[in-house]
Amino acid sequence: MSTPPGPPASTAPSESGEYTHAQILTIITGLMMGMFLGALDQTIVSTAIRTIADDLNGLSVQAWVTTAYLITSTIATPIYGKLGDLYGRKKLFMFAISVFIAGSALCSFATSMYMLAVFRAIQGIGAGGLFTLVLAIIGDIVPPRERARYTGYFMATFGTSSLLGPVIGGFFASHAVILGVTGWRWVFLVNVPIGIAALFVVYRTLHVHHHRREARIDWGGAAALIVALVPLLTVAEQGRQWGWGSPRSLTCYVIGVIGLGAFYAVERVMGDDAMIPLRMFRIRPVAVGIGANVITGMAMFGGIMLLPLYMQIVHGATPMESGFLMLPMVVGMMSASISSGQVISRTGRIRGFPIFGSALAAFALLAMGTISADTHLAFVMFLMFLLGFGLGNCMQPLLLILQSAVPPRDIGVATASATFFRQIGGTLGVAVFLSILFGQVGGNIANALHDQAEQPAFQQALAHPATPLDRELAVSLQSGGHRGLLSQVTDDSSFIQKLSPVLAHPFKSGFAASMDTVFLCAGALSVVAFLILLLMPKVELRATSASAAVRSEAAPTAPVADQV
C-alpha cells in the first residue's frame, strides 16, 4: 500500500518532534501571511467604517456590521481549535482563508448596512480560524519559553498591517470612486489578491507534523452556542431602541439563557470530545485566565473601537489621519509584547505581566474618561500609548499561561478558548458600549446646545450663518425643531464637519461626553480584570513544544502519523 508523501525534508521535525530554527522560520512564512490578512482587514475597516456608514446612511446601526462579524468569528473560533487538534491545522487554515476571501468579495457589493452585516458574518466565519490556528500552530512547534524568539516576526507583521491598514483604508475611504468602483468598496476588495497570495504561500510552506486521533465532533455544542449568543448579542445592540424590558428583549434573554443551559449540558455529555472541555475550568490558571480574557476583551474592543470615531467626529480627522493617530497605541502594544516576551524567555516569570498590564490599561481608560472636545491630541495619544502598552502586557502572557497550563494535546482548544472568550467579551463590549454611546449622544448634544446658546460667539454665528447648514441649524433652534438634526447626526456624522466651527462645537462636545461614559465603563471593567488576575497562581512554562510532547506521549503505541 502506498504511503502519502510527507512534508519536504526541510520542514520535517527531528526524531524528538522538535523543529530547528530554520524549519520554524519556513513555517512562519505562511503563518505570517494569514495573520497579515486578518490584521490588515481589522485596521482597514475600523478607519473606514464611518465613511461606509455615512454612505449607506446607517451610522447608528454600525454595531450590526461589527457584531455580525464578531458573532460568527467567535462561534467559529472554538470549532477551528477542536478540529485542528483532531485532524490537523493546514487544511483548516486554507479553508479559513478561502471563506475569508469569499466574504470579502461579497462585502464589496453591499448596498445597505444590513446587507453588509450579512456579508461580514460570512467573512467572520473565515476570520475565526486565522488568528486561532496561527497561534495554535506556533504553540505546536515552539516551546513557550522560546516563543519570544519569534515574537518579533509576528509583531512586525502586525505592526506593518497596522501601518498599512489605516493608510490604505483612509485612501480608499477618501476617494468617491476608484476605477469606476466606490472608494470604500476597495477596503474589502483588496483582501482578495492578498488572500490568494496567502493561500499559495501556506500551501507551499506550512508542513507541520500531526498525530491524528478520532473523536466525536461537538456539533450540538456549536448549535447551542449559536442559540445562546445570537439573541443575547442582538438585544445588547437593539435594547436601547426596543426597551430593555420590552417583550422582544425579554424573549431574547430567555432564549439566550436556554441556549447557555443547553451548551453546558451538551459539553458535560461530550466530556473530552466537547468543543470547550469543562475539565479545563478545574485548572486554576485556565479559569483565571479565561475570566480575565472576557473582561479584557470587553474593555479592549469596546474602548478601542471608539477611538477612530473620536478622532474623526470630534477632531475632524480624515479616515487616513485617524489611522495614523492610532499608531501610539499600536507602538505601545508592539513594544510591550516584545519586551515582555524577552523577559519571560530569559527568566520564565510571567505572572506579573498581565497584572501590571491590566492596571495600566485601567488607568489609561479611566483617564480617557476625562477628555473633551477641547483636549489636546498629544495628551490623548499619550493615553493611547499607555493603553496599548497595558494591553500588550496582557494578551501574549495570558495566552502563554493557558497553553502551558493544559495538556499538550489540548493546546488547540486552549488557544481557541483564549481567543473565544476574549472575542465574547469584545462582542458584548462593542454592542453594549455602542448602545451607551448612541443612547446618550442626543441628550448630551442637546445639553451642550443649551449651555452654549447664551455665548456671544454662538449667538453671532446663528445670526450670521456662514453655510446653508448653519442657516438650517439656526432656523431649527429658533423653531424648537432641532430634534430632527439630533436624529440626523447619528445617521450621518459628516453633517458636523459642514457646520462652522462655533456651531459644530456643541455637537462635538456631545459626542465627546458620550464617549467619556464609555471609556469610564471600560476602565471600570479593566479594574475588575486586575482584581481577577491577582488570583492567578504561579505558572511554570513548558520547556518543550506541544508537538514534541504529544509525540513523546504517543511513542509507546506509535500510531501511523499523518502529515498535513
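Residues satisfying the criterion are present in the range 320-339 (criterion: over 21 Å from the mean Cα position of the chain (by Cα), more than 25 Å from THR66 (Cα to Cα) and in the same structural domain as PHE420 (by TED's automatic domain parsing)).
Candidates are the residues of the range 90-145 that are over 18 Å from the mean Cα position of the chain (by Cα) and polar (S, T, N, Q); the one that is surrounded by the most Cβ atoms within 10 Å (Cβ to Cβ) is SER108.
Across the range 265-286, the number of residues qualifying as at pLDDT 90 or above and surrounded by 15 or more Cβ atoms within 10 Å (Cβ to Cβ) comes to 1.
Quick one: is MET329 hydrophobic (A, V, I, L, M, F, W, C) and modelled with pLDDT of 75 or more?
Numbers: hydrophobic (A, V, I, L, M, F, W, C): yes; modelled with pLDDT of 75 or more: yes.
Yes; evaluated as a whole, the condition is true for this residue.
Within the range 184-199, can you find the residues that are among the aromatic types (Phe, Trp, Tyr) and either modelled with pLDDT of 85 or more or within 16 Å of GLY126 (Cα to Cα) (or both)? Within the range 184-199, TRP186, PHE188 meet the criteria.
Matching residues to (1) more than 26 Å from GLY369 (Cβ to Cβ); (2) touching a Leu at 6+ places or on another chain (Cβ under 7 Å); (3) modelled with pLDDT of 75 or more; (4) loosely packed, with under 14 Cβ neighbours inside 10 Å:
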position: PHE438; (1), (2), (3), (4): no, no, yes, no
position: ALA448; (1), (2), (3), (4): no, no, yes, no
position: ALA461; (1), (2), (3), (4): yes, yes, yes, no
position: VAL489; (1), (2), (3), (4): no, no, no, no
position: ASP492; (1), (2), (3), (4): yes, yes, no, no
position: PHE511; (1), (2), (3), (4): no, no, yes, no
position: SER514; (1), (2), (3), (4): no, yes, yes, no
position: PHE519; (1), (2), (3), (4): no, yes, yes, no
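With respect to the conditions (1) over 30 Å from ILE496 (Cβ atoms); (2) in contact with a Leu (Cβ under 7 Å, 6 or more places away or on another chain), MET329 falls short on a single one, namely (1).
Give the range 83-110 a look and list any residue that's part of a helix (DSSP H, G or I) and closer than 19 Å to PRO277 by Cα, or say none. Across the range 83-110, the qualifying residues are LEU83, GLY84, ASP85, LEU86, TYR87.
Taken over the range 411-465, the criterion of being free of Cβ contacts under 8 Å to residues at least 24 places away in the same chain and either at positive phi or acidic (Asp, Glu) (or both) is satisfied by GLU454 alone.
Picking from ILE290, ILE295, ILE313, which residue would you name as being closer than 18 Å to ALA512 by Cα and not in a loop (DSSP other than H, G, I, E, B)?
Values: ILE290 fails: closer than 18 Å to ALA512 by Cα; ILE295 fails: closer than 18 Å to ALA512 by Cα.
Every option except ILE313 fails the conditions.
Conditions (1) at pLDDT 75 or above; (2) assigned by TED's automatic domain parsing to the domain that holds VAL134; (3) assigned to a helix (DSSP H, G or I), marked per residue:
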site: PRO4; (1), (2), (3): no, no, no
site: TYR19; (1), (2), (3): no, yes, no
site: MET35; (1), (2), (3): yes, yes, yes
site: SER46; (1), (2), (3): no, yes, yes
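If you check TYR150, TYR80, which single one turns out to be crowded, with 22+ Cβ neighbours inside 10 Å, in a helix (DSSP H, G or I) and aromatic (Phe, Trp, Tyr)?
On the way: TYR150 fails: crowded, with 22+ Cβ neighbours inside 10 Å.
One residue alone meets the criteria, TYR80.
The values are calculated or read from the model by the stated rules, or taken from the named source; none is laboratory data. Quick caveat: nothing in here was measured; it's all calculated off a predicted structure. Methodologically, a virtual Cβ is constructed for each residue, glycine included, from the backbone with ideal geometry; neighbour enumeration extends over all protein chains shown.
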